[in-house]
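Notes to accompany the following structure.
What follows is calculated from the coordinates using simple rules that are stated; it is not laboratory data. Only a predicted model underlies this, so the values are computations on that prediction, with no experimental measurement involved. Glycine gets a Cβ as well: all are built from the backbone with ideal geometry, and neighbour counts include every protein chain shown.
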Amino acid sequence: MPRGLQQKVALVTGAAQGIGRGIALRLAQEGVNIALVDLNADKLAAVEAEIQALGVQATTYVANIAERDEVGQAIDHAEKQLGGFDIMINNAGIAQVEALSDAQPEAFRRIMDINVGGVLWGIQAAAAKFMALKQKGKIINACSIAGQDGFALLGLYSASKFAVRALTQAAAKEYASHGITVNGYCPGIVGTDMWVEIDQRFAEITGAAIGETYKKYVDGIALGRAQTPDDVAALVAFLASEDSDYITGQSILTDGGIVYR
């Protein structure tokens, strides 16, 4: 069991489904009180009920993480409702499958606003809150194998995740003197709705059958299976705990053996 998580307060963005939901549930199982942030109020309410059933506190907040002020307001809400603030999980993000030759300004701005802007505003607001509270803190960012290697037809997504890795390193250096660690997690092929969308877009662009791209990538995983949200959440729980106190600025691969660094 990761040390030092009981009665901490964590905010998780993109918490209504997929990896974010998995992270929220795992932290709740470790005794963390959870602020759930996403755009879908109904799905947030369902996850909130799951977390409360585990015997910890939970609260929800509907916010667009691409909007700086909304991220700060979400953190204020978490502190007020849960009585503190210790861990920021910048998990929310979107995928974009498109040939670079077809990329349009609108698509570029959207993925950068969400995947990079959302992380930047989360880092900024969380660090400010930790310093205002005069305490240490943990900031944990969603990166990706695509933040370690660029992937064909995922160029814009890869660029956004490389940027997250850079922000993670820079923030770790800027906030270390305040006792704030900043790290990232780099999932691989996770069996969530996002990968259903990615597979469909690959099929449209390449003519592959539905499911073919997903199978191709899963077949290339050394450990022989697709990743689950629980796999990702296990690493995030470690990074949120006291066991990771001497780790900062790292974007750690959790992909079953796809990218090797």
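Given the options V116, V71, V62, name the one that is surrounded by fewer than 18 Cβ atoms within 10 Å (Cβ to Cβ), out of contact with any strand residue (DSSP E or B) (no Cβ under 6 Å at 6 or more places or on another chain) and aliphatic (A, V, I, L, M).
Values: V116 fails: surrounded by fewer than 18 Cβ atoms within 10 Å (Cβ to Cβ); V71 fails: surrounded by fewer than 18 Cβ atoms within 10 Å (Cβ to Cβ).
Being surrounded by fewer than 18 Cβ atoms within 10 Å (Cβ to Cβ), out of contact with any strand residue (DSSP E or B) (no Cβ under 6 Å at 6 or more places or on another chain) and aliphatic (A, V, I, L, M) holds for just one of V116, V71, V62, which is V62.
Need the failing condition index for Q96 against (1) surrounded by fewer than 20 Cβ atoms within 10 Å (Cβ to Cβ); (2) touching a residue at least 40 places away in the same chain (Cβ under 8 Å); (3) farther than 21 Å from E242 by Cα, just the number.
(1)
Tally the residues that are touching a residue at least 12 places away in the same chain (Cβ under 8 Å), assigned to a loop (DSSP other than H, G, I, E, B) and of a type outside the set (A, V, I, L, M), restricting the search to the stretch 225-261. Write out each step before concluding.
We begin by selecting, within the stretch 225-261, every residue touching a residue at least 12 places away in the same chain (Cβ under 8 Å); these are 225-245, 247-259, 261.
From what's left, assigned to a loop (DSSP other than H, G, I, E, B): 225-226, 228, 241, 245, 247-250, 255-259, 261.
If we keep only those that are of a type outside the set (A, V, I, L, M) too, we end up with 225, 228, 241, 245, 248-250, 255-257, 261.
Qualifying residue count for the region: 11.
Specify the residue that is farthest from D86 (Cα to Cα); the eligible residues are those in the stretch 168-189 that are touching a helix residue (DSSP H, G or I) at 6+ places or on another chain (Cβ under 6 Å) and hydrophobic (A, V, I, L, M, F, W, C).
Filtering the stretch 168-189 for residues that are touching a helix residue (DSSP H, G or I) at 6+ places or on another chain (Cβ under 6 Å) and hydrophobic (A, V, I, L, M, F, W, C), the one farthest from D86 (Cα to Cα) comes out as I189.
Against the conditions (1) of a type in the set (S, T, N, Q); (2) surrounded by fewer than 22 Cβ atoms within 10 Å (Cβ to Cβ); (3) assigned to a strand (DSSP E or B), where does N183 fall short? Just the number, please.
Of the numbered conditions (1) of a type in the set (S, T, N, Q); (2) surrounded by fewer than 22 Cβ atoms within 10 Å (Cβ to Cβ); (3) assigned to a strand (DSSP E or B), the odd one out for N183 is (2).
Given the criterion under 24 Å from K215 (Cβ atoms), surrounded by 24 or more Cβ atoms within 10 Å (Cβ to Cβ) and either without any contact (Cβ under 8 Å) to a residue 60 or more places away in the chain or over 15 Å from the mean Cα position of the chain (by Cα) (or both), identify the matching residue among S144, S158.
Numbers: S158 fails: surrounded by 24 or more Cβ atoms within 10 Å (Cβ to Cβ).
None of the others qualify; the one that does is S144.
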